[in-house]
Amino acid sequence: MVMKRRLAAGVCAAVLLLAGCSGQSGGGSGGFDGSRRADRPDSGRPAPQKPGRTSTFALDVDTASYGYARRTLAEGRLPEPGSVRPEEFVNSFKPDYPRPGDNGFSVTLDGARSDAAGWSLLRVGLATRPSEGERPPAALTFVVDVSGSMGEPGRLDLVKESLRLLADRLRDDDSVALVTFSTEAETRLPMTRLGGNRDRLREAVDALEIAGSTNVEAGVRTGYDAAVEGRRKGATNRVVLLSDALANTGDTDAAGILERVDTERRRYGITLFGVGVGSEYGDAFMERLADKGDGHTTYVSTSEQARKVFVDQLPAHIELRARDAKAQVVFDDRTVESQRLIGYEDRKVAAEDFRDDRVDGGEVGAGHTVTALYAVKLRPGRSGRVATATVRWLDPATRAPHERSGTVGTAALTAAPIWGDGHDSLQLTALAAYFADRLRTEGPAHAEGPAHTAGGGRLPGSPPLSRLAARADSLAERAHSASVRELAEAIRQAGALAGGSDPYAD
């Protein structure tokens with residue numbers, strides 16, 4: 001059954017990291033007319049809450065939605081609105097936020113005026129310290145889809161290429177298991193230390209061939225069996241699922257699979273990393289699995305993307321900085337009339353569960369950034385504090401809780417327009433969010449009317465696609481960034497597929 005659903009202050013001298021340049025916390029002096037970071041270790045007592053509304057969500061570093069949307073647009077199709085998750089568009093680009101000196105988070109807040117009267121954009125940026133070469137060993141169980149649907153170019157062939165690359169990047173003290181599934185599942189390589197055994201892994205990968213239907217349930221069950229049997233104390237134990245996630249045999253509604261994934265996460269700390277492939281991709285299925293497995297998803301369709309994921313990203317993801325990480329933003333009623341979090345619909349957490357460490361959050365690795373963007377309508381004539389953002393997480397080894405906070409004031413959100421000089425990093429975040437919002441409006445469900453969007457409406461100040469593309473082109477030229485040029489091209493493709501009928505174009 002096919003299951004579907006479900007972007008520097010000025011032009012920086014250094015290029016944007018993956019695509020962003022500056023992540024300053026604003027120009028304030030520490031008072032509420034500007035913005036500041038107020039990092040603090042957890043004191044064991046809840047921080048005092050100011051009057052206002054709260055927005056609480058689990059951190060998410062997924063990027064699959066943006067990658068799959070780019071693939072779909074390149075093939076001449078608008079993505080289904082339900083497959084567009086704005087936070088994954090935004091988090092596909094990595095602003096250069098200040099990094100903490102320890103293993104926690106930095107908290108950065110900034111913003112600017114939007115084009116909609118009375119509305120501003122507020123960005124909350126969280127970042128962890130990059131890996132410095134030392135990390136715990138890894139015990140990785142690769143669960144590879146070899147069903148008939150994986151025979152399409154860019155599926156199993158890309159998976160095999162990715163695993164060959166990774167075989168050369170992991171350390172001798174890392175361990176790897178390999179499980180395959182089609183109609184049934186099979187363990188091709190039990191958990192094995194790589195030192196002296198790299199050829200065994202390469203031979204097992206080279207022997208992978210297409211056969212049968214897609215029994216994801218059997219693959220995940222057998223993969224977790226191998227991961228539990230081969231788990232290593234003190235190591236990062238993870239299942240890596242590589243599939244188009246088009247389940248058509250076995251438990252296709254994911255209920256039984258989700259239960260197993262959740263059980264092993266809670267019992268042994270085994271997390272799930274989903275890597276999606278294919279022009280037809282079961283995005284919703286993979287997203288549910290990764291969320292339940294306290295992991296994340298990405299999507300690859302080219303050798304370049306595979307190299308980025310398996311050579312540059314996965315080794316760094318092995319070193320965890322935080323488990324069950326959540327963010328809570330408290331808006332001050334005295335200055336804020338209304339606000340809206342852009343995306344994160346599937347990651348919302350009840351306000352009262354923010355400090356309940358039994359409630360699942362997100363897993364964040366070394367060198368990660370997480371961005372949340374809000375549309376905020378300020379009360380006319382008011383000044384002062386706008387919001388306080390707090391991130392809470394558990395230490396991966398001790399599970400001790402920690403928190404850090406930052407604040408932002410009205411001046412930081414009203415002093416300059418979003419598209420003015422000196423806001424390149426924030427502009428990139430806004431471009432990604434506005435693009436995702438447009439795709440939710442312009443997608444195949446657009447026949448139901450402009451109000452039909454997965455997230456509940458168009459963002460204040462959203463430019464038409466033609467203007468978004470032009471702004472992305474300008475930013476790419478200033479930043480000399482290939483990833484921003486790819487964003488601009490995707491926006492142009494969406495505009496062409498929408499037939500120039502953008503209902504909000506000037």
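The values are calculated or read from the model by the stated rules, or taken from the named source; none is laboratory data. This is a predicted model, so every value here is computed, not measured. Positions of Cβ are generated from backbone atoms using ideal geometry, with glycine treated the same way; all protein chains shown enter the neighbour counts. Ligands, DNA and RNA are stripped out before the accessible areas are found, and what is left, the full protein with its side chains, is counted by its heavy atoms. Shrake-Rupley method; radii C 1.70, N 1.55, O 1.52, S 1.80 Å.
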Legend entry - Subset tally (residues that are open to solvent by 60 Å² or more (accessible area, probe 1.4 Å) and either of a type in the set (Gly, Ala, Ser) or modelled with pLDDT of 95 or more (or both)) for the stretch 455-466: 2
Inset, instruction - Answer yes if at least one residue in the stretch 124-147 is open to solvent by 10 Å² or more (accessible area, probe 1.4 Å) and of a type in the set (Gly, Ala, Ser), and no otherwise. - result: yes
Inset, instruction - Please work out which residue is modelled with the highest pLDDT, limiting yourself to the stretch 281-320 and to residues that are charged (D, E, K, R) and either touching a Cys at 6+ places or on another chain (Cβ under 9 Å) or more than 22 Å from Asp346 (Cα to Cα) (or both). - result: Glu304
Inset, instruction - Show the residue pairs that are 6+ apart or on different chains and have beta-carbon atoms under 8 Å apart, the first residue being within the stretch 360-375 and on the phi > 0 side of the Ramachandran plot, the second being open to solvent by less than 10 Å² (accessible area, probe 1.4 Å). - result: Gly367/Thr128
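Residue-wise test of (1) polar (S, T, N, Q); (2) at pLDDT below 95; (3) not in a strand (DSSP E or B).
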{"position": "Gly30", "(1), (2), (3)": "no, yes, yes"}
{"position": "Ser43", "(1), (2), (3)": "yes, yes, yes"}
{"position": "Glu87", "(1), (2), (3)": "no, no, yes"}
{"position": "Val107", "(1), (2), (3)": "no, no, no"}
{"position": "Glu132", "(1), (2), (3)": "no, yes, yes"}
Inset, instruction - Inspect the stretch 187-209 for any residue being in contact with a Leu (Cβ under 6 Å, 6 or more places away or on another chain), closer than 27 Å to Asp168 by Cβ, in a loop (DSSP other than H, G, I, E, B) and not charged (D, E, K, R) and give the result as yes or no. - result: yes
Legend entry - Of all residues making up the stretch 388-428, the number that are open to solvent by less than 40 Å² (accessible area, probe 1.4 Å), closer than 30 Å to Asp357 by Cα and over 23 Å from the mean Cα position of the chain (by Cα): 4
Inset, instruction - Would you point out the residue of the stretch 462-500, among those that are under 23 Å from the mean Cα position of the chain (by Cα) and not in a helix (DSSP H, G or I), that is farthest from Glu304 (Cα to Cα)? - result: Ser462
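Yes or no, residue by residue, for (1) buried (at least 21 other Cβ atoms within 10 Å of the Cβ); (2) among the acidic types (Asp, Glu); (3) under 19 Å from the mean Cα position of the chain (by Cα):
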| position | (1), (2), (3) |
| --- | --- |
| Gln305 | no, no, yes |
| Asp312 | no, yes, yes |
| Glu319 | yes, yes, yes |
| Arg323 | yes, no, yes |
| Lys326 | yes, no, yes |
| Asp332 | yes, yes, no |
Inset, instruction - From the list Val159, Val179, pick out the single residue that is crowded, with 21+ Cβ neighbours inside 10 Å, at pLDDT below 95 and under 22 Å from Ala247 (Cα atoms). - result: Val159
Inset, instruction - Can you work out which of the residues in the stretch 344-365 that are under 28 Å from Asp312 (Cβ atoms) and within 14 Å of the chain's Cα centre (by Cα) is surrounded by the fewest Cβ atoms within 10 Å (Cβ to Cβ)? - result: Asp346
